[in-house]
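Before any comments, here is the structure.
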């Protein structure tokens, strides 16, 4: 889960209350100052707090980018799949008696009964993405470079320009998928960074809370303003 989890929100809020009230509440600040809590020491806690907040926001941003890339990949994948499916089906229809062409195109014949139609057999676009885009690259390369196939396709609406453009879409899909993988890795790392930044708050907070209990042992009412949880009975 990106951003604030219930757990790290608890620690951020607890630290923030301690830092802000420790600096702004005159009575609390005076009591803590006697135990070495000067501007520098409070600043240390504030720095840790700001780093945690920064990493939490970076985590939200990283996941937003990841989701955006996923949407782009899915949209382009749908487009490429529709285009390759149209081309593949046409090739099967045009070359029913040319198994060598179908083999070159990656379209292996599969018949239903003696008089059945050929069916397109190719990699699954999601379960075998790499195999699928390799197949897609191949079918366009063969259609563009085999003069007989290219000429036949041109008679049925597939000009060289159209094939080149659709082949370019395959390359764009590959690029987007690579960018998506980078975005996924960054999002995962941002979660690690977020959790480490929140963990870094705890030593400073725990020590400060222990000192606050000493500093205000005769002023228990002030402890409420530090944000420390009530002691369980």
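The values are calculated or read from the model by the stated rules, or taken from the named source; none is laboratory data. Quick caveat: nothing in here was measured; it's all calculated off a predicted structure. Positions of Cβ are backbone-derived with ideal geometry, glycine not excepted, and every protein chain shown enters the neighbour counts.
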Please state which one of 225, 190 is part of a helix (DSSP H, G or I), modelled with pLDDT under 90 and closer than 27 Å to residue 57 by Cα.
225
Boolean, residue 218 is surrounded by fewer than 18 Cβ atoms within 10 Å (Cβ to Cβ) and at pLDDT below 95:
yes
Looking at residue 156 and the list (1) touching a residue at least 24 places away in the same chain (Cβ under 8 Å); (2) surrounded by fewer than 18 Cβ atoms within 10 Å (Cβ to Cβ); (3) in a helix (DSSP H, G or I), which single condition is not satisfied?
(3)
Looking at the structure I just gave you, is residue 161 surrounded by fewer than 16 Cβ atoms within 10 Å (Cβ to Cβ), assigned to a helix (DSSP H, G or I) and touching a helix residue (DSSP H, G or I) at 6+ places or on another chain (Cβ under 9 Å)?
no
Which ones in region 190-215 are loosely packed, with under 13 Cβ neighbours inside 10 Å and either within 32 Å of the chain's Cα centre (by Cα) or within 28 Å of residue 81 (Cα to Cα) (or both)?
192, 196, 199, 203
